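Working notes for the structure below.
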Amino acid sequence: MASRETVARLERAGLWAWPPAETASIAGWLARAGGAASRRLNSVATLNFEEGADPENAVRQAEAWYAARGLPACFHLTDVAVPEELDALLAARGYRLLTPTEVRLRPLGEEIPAAAGITLETRPRAGFMNAIAEPHWDARLRAERAATFARIRRPHVFAVDFRDGIAAAGGVCVVTEGIAVIHSMRTRPEYRRQGRARAVLARLLAWGAAMGAREAMLQVREDNAAARNLYEAFGFAPVYRYRYRQP
């Protein structure tokens with residue numbers, strides 16, 4: 001299992017790469033809210049907890065904080081979540097376990113050959129948004145995702161693979177504290193199994209290395225076999241896992 005220091009370092013990088021709109025401290029936990037139908041943006045980070053604080057009271061405070069925003073309380077639980085009894089406490093309160101996910105890491109010491117034909121943009125233009133948008137996204141959700149990208153305050157880039165004028169695939173890289181954080185990777189269904197995600201990932205890794213990143217990280221759901229195979233082929237190895245608890 002990864003050390004608490006390693007998890008905290010990578011979670012901090014993830015916070016800079018996927019910034020919420022607002023935060024609050026609840027007994028040492030970090031409550032986050034930001035819309036965009038993202039549990040990471042709308043969940044309680046549980047890496048720290050105040051000594052002597054009452055966990056049940058803290059959970060109730062979190063529930064009230066999210067209720068005031070019209071959201072369900074959601075807890076982000078890594079391998080080193082505190083207090084140790086939190087997972088059992090949430091389960092007893094009717095919180096179900098959701099989306100077990102791996103955080104993966106790879107070094108960027110060696111040369112990364114950049115794929116040709118990938119466009120890099122400094123802001124999320126329409127092509128990029130079309131590439132990463134899921135079919136169920138409406139105008140409100142697209143706007144919330146764009147607002148999330150606009151909140152990024154670290155060097156970052158948006159990669160798009162255009163095929164016949166269509167944005168076939170896209171992804172984001174944010175560099176912070178020597179880490180290239182890759183996220184929002186998606187390929188349109190009609191362009192899958194053509195190497196498009198591989199090309200976007202290679203381009204983002206090359207950009208991150210050129211920006212001075214020493215390692216790259218990403219997250220992948222445990223049930224996403226295709227993505228896990230892709231990331232394994234690029235040398236990404238699991239470092240720790242997390243999951244969510246939500247009513």
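Quick notes on this one:
- Calculated diffusion of segment 161-224, Stokes-Einstein form, Kirkwood radius summed over Cα pairs, 37 °C and 0.692 mPa s, µm²/s: 264
- Exposure proxy ranking, count of Cβ atoms within 10 Å, fewest first, for 80, 160: 80, 160
- Using alpha carbons only: equivalent-ellipsoid semi-axes of segment 4-103, gyration tensor based, whole Å: 18, 17, 14
- Compactness relative to 2.2 N^0.38 Å, alpha carbon Rg of the chain: 1.02
- Convex hull volume per residue, computed on the Cα atoms of segment 95-216, equals 141 Å³.
- The phi-based Karplus calculation (6.51 cos²θ - 1.76 cosθ + 1.60; θ = phi - 60°) puts the 3J(HN,Hα) values of segment 89-97 at 4, 5, 4, 5, 8, x, 7, 9, 7 Hz, whole numbers, x for Gly and Pro.
- Ordering 128, 115, 204 by the projection of their Cα atoms onto the charge dipole of segment 109-213, which places +1 on the Cβ of Lys and Arg and -1 on the Cβ of Asp and Glu, puts 128 at the extreme positive end.
- Whether segment 12-58 is rounded, prolate or oblate, judged on the alpha carbon gyration tensor where a/c under 1.5 counts as rounded: prolate
- Once exposed loop GluC sites (Glu not before Pro) are cut out (DSSP; at most 12 other Cβ, 10 Å), longest piece of the chain: 112-247
No lab work stands behind these numbers, since they all come straight from the coordinates. On a predicted model such as this, the values are computed, not experimentally measured, just so you know. When we count neighbours, we look across all protein chains shown, and the Cβ atoms used for this are built from the backbone with ideal geometry, even at glycine.
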